[in-house]
Amino acid sequence: MEHANIADSEESKHNKMWMVPMYRSLVFGENYVKHVVAELGIKKGDEVIDFGCGTGKTAKALCKKGISVHGIDIAENALNEEMHSKELFYFSKQCLWQLNSKVLDVDYAICTNVMEQIPEKLVHAVLYQIAKKTLKAGFFAICTEQEALGPKHINQQLNVTVRSGRWWADQLERYWDITFAEDVNNLRTYLYYVKVRKEDNAEWKQRDR
C-alpha cells in the first residue's frame with residue numbers, strides 16, 4: 001500500500017511538471033542515441049525498452065534507426081502526441097518499480113535522467129525490474145546534482161535521490177558489469193554502459209517462477 005501511495009504521489013508530481021513547456025524542451029536523451037547504439041551494438045530490428053521515456057524524443061531517434069521501442073512512463077501526459085501513432089513505438093503507462101506483464105524481455109534498455117527522480121528507498125526495486133527485463137545490455141544517464149525547475153514551477157523537488165557518480169556506480173554494479181564516465185558537457189550527469197551478467201539474469205528468471 002505504501003508503494004502504491006508513493007506511485008500516486010509521483011504520478012501527480014510528474015503530470016504537473018510535464019505541463020511546463022520549458023521542462024518539455026529540456027529533454028536530453030536523444031543526444032545520447034548515436035553513442036549508445038554504437039557502444040551497445042544495437043542494430044536495426046532490435047528491441048529496446050526506454051524506461052522513463054518522457055516525451056518520447058529518445059524513442060523517436062531510435063525508431064528512425066529501425067529499432068523497436070517500448071516506452072514506459074508514470075506520466076502519460078509526458079508523451080508527445082505524435083508518438084502515439086509512431087511506427088515501431090509502443091507506450092505503456094506504468095510505475096517503474098511495479099512493472100506488469102505488458103513489459104516483455106528485450107535485449108537492450110535505456111534509462112536517461114530518471115533514476116535521480118526515483119525515491120531512494122525504491123532505487124533497487126527499479127534497478128531490479130530493469131535488470132530482470134534486459135537480456136544483453138543497457139545505458140543509464142544519471143544526474144548527480146539538484147535541479148531548480150521543480151521547486152520553481154510546482155514547488156516540488158524532482159531529483160529526490162541526489163548522489164555521487166561513484167554511489168550510483170556501486171548500485172548499478174550489483175546488477176551489471178559497468179563502465180562509466182562523466183558527461184562531456186560537464187552537466188554533472190554520469191553515463192553508464194551496462195552489460196548483463198548471464199548467470200545473474202538466469203537466477204532472477206528462476207526466482208520469479
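Scanning the stretch 89-122 for residues that are among the small types (Gly, Ala, Ser) and part of a loop (DSSP other than H, G, I, E, B) gives a single hit, Ser101.
Checking Glu81, Glu11 one by one, the residue that is open to solvent by 30 Å² or more (accessible area, probe 1.4 Å), touching a residue at least 12 places away in the same chain (Cβ under 8 Å) and out of contact with any Cys (no Cβ under 7 Å at 6 or more places or on another chain) is Glu11 and no other.
Does Ser68 count as hydroxyl-bearing (Ser, Thr, Tyr), more than 15 Å from the chain's Cα centre (by Cα) and open to solvent by 40 Å² or more (accessible area, probe 1.4 Å)? Against the criterion (hydroxyl-bearing (Ser, Thr, Tyr), more than 15 Å from the chain's Cα centre (by Cα) and open to solvent by 40 Å² or more (accessible area, probe 1.4 Å)), Ser68 does not qualify.
So which of Val36, Val27 ends up being part of a loop (DSSP other than H, G, I, E, B) and either of a type in the set (S, T, N, Q) or under 18 Å from Cys143 (Cα atoms) (or both)? The conditions single out Val27. Tell me, please, whether a residue that is of a type in the set (Gly, Ala, Ser), surrounded by fewer than 14 Cβ atoms within 10 Å (Cβ to Cβ) and either outside any helix (DSSP H, G or I) or in contact (Cβ under 8 Å) with a residue 40 or more places away in the chain (or both) can be found in the stretch 140-148. Yes, some residue in the stretch 140-148 is of a type in the set (Gly, Ala, Ser), surrounded by fewer than 14 Cβ atoms within 10 Å (Cβ to Cβ) and either outside any helix (DSSP H, G or I) or in contact (Cβ under 8 Å) with a residue 40 or more places away in the chain (or both). Considering the stretch 25-64, and only residues there that are under 20 Å from Ala75 (Cβ atoms) and surrounded by fewer than 16 Cβ atoms within 10 Å (Cβ to Cβ), the residue that is nearest to the chain's Cα centre (by Cα) turns out to be Leu26. In the stretch 123-132 there is no residue that is outside any helix (DSSP H, G or I) and at pLDDT 95 or above. Checking Lys102 against (1) without any contact (Cβ under 8 Å) to a residue 60 or more places away in the chain; (2) surrounded by 17 or more Cβ atoms within 10 Å (Cβ to Cβ): exactly one of these is not met. Which one? Here Lys102 clears every test but (2). At pLDDT 95 or above, surrounded by fewer than 23 Cβ atoms within 10 Å (Cβ to Cβ) and either over 26 Å from Lys198 (Cα atoms) or not hydroxyl-bearing (Ser, Thr, Tyr) (or both): does that describe Lys152? So Lys152 fails the test.
The values are calculated or read from the model by the stated rules, or taken from the named source; none is laboratory data. Since this is a predicted model, take the numbers as computed values, not measurements. Neighbour counts are summed over all protein chains in view; Cβ atoms, including those assigned to glycine, are modelled from backbone coordinates with ideal geometry. To get the accessible areas, we keep the full protein, side chains included, count just its heavy atoms, and leave off ligands, DNA and RNA. Shrake-Rupley method; radii C 1.70, N 1.55, O 1.52, S 1.80 Å.
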